[in-house]
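Read through the structure below, which is laid out as structure tokens, and then see the notes.
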């Protein structure tokens, strides 16, 4: 232990900001805030590079979609879990 603060403090804030930026296709600039340690450009770049990788998206999607969402014979969501059927 070095006594310094962890780079992972408020990881959820950084991930939420990056997922929002990715989903809206706006880049990182709108979510960067140098006064919030979890939202500095360096921190967001680190989290983006080391945590938001394709294999992590795939693993997260498996957890999110594998929880009882009905699928038809070709693996599509039939909408019933969302009341769309």
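What follows is calculated from the coordinates using simple rules that are stated; it is not laboratory data. Fair warning: this is a prediction, and the values are worked out from it, not measured in the lab. Methodologically, a virtual Cβ is constructed for each residue, glycine included, from the backbone with ideal geometry; neighbour enumeration extends over all protein chains shown.
Quote to one decimal, in nm, the extra length available between residue 63 and residue 9 on full extension: 0.36 nm per residue of separation minus the C-alpha distance between them.
Full-extension gain reported as 17.0 nm.
Given q = 0.13, 0.15, 0.17, 0.19 Å⁻¹, what are the Debye log10 I(q)/I(0) values for segment 16-66, with equal point scatterers placed on the Cα positions and solvent ignored?
Relative scattering, expressed as log10 I(q)/I(0), comes to -0.34, -0.44, -0.55, -0.66.
How high is the relative contact order of segment 16-66, given as a whole-number percent (alpha carbon pairs under 8 Å, six or more residues apart)?
After rounding, I find 22 percent.
Using 0.36 nm per residue, how much length does the chain from residue 22 to residue 50 gain when fully extended, once their Cα-Cα distance is taken away?
Value of the extension gain: 8.6 nm.
I need 22, 12 ordered by Cβ neighbour count within 10 Å, fewest first.
Ascending Cβ contact count within 10 Å gives the list 12, 22.
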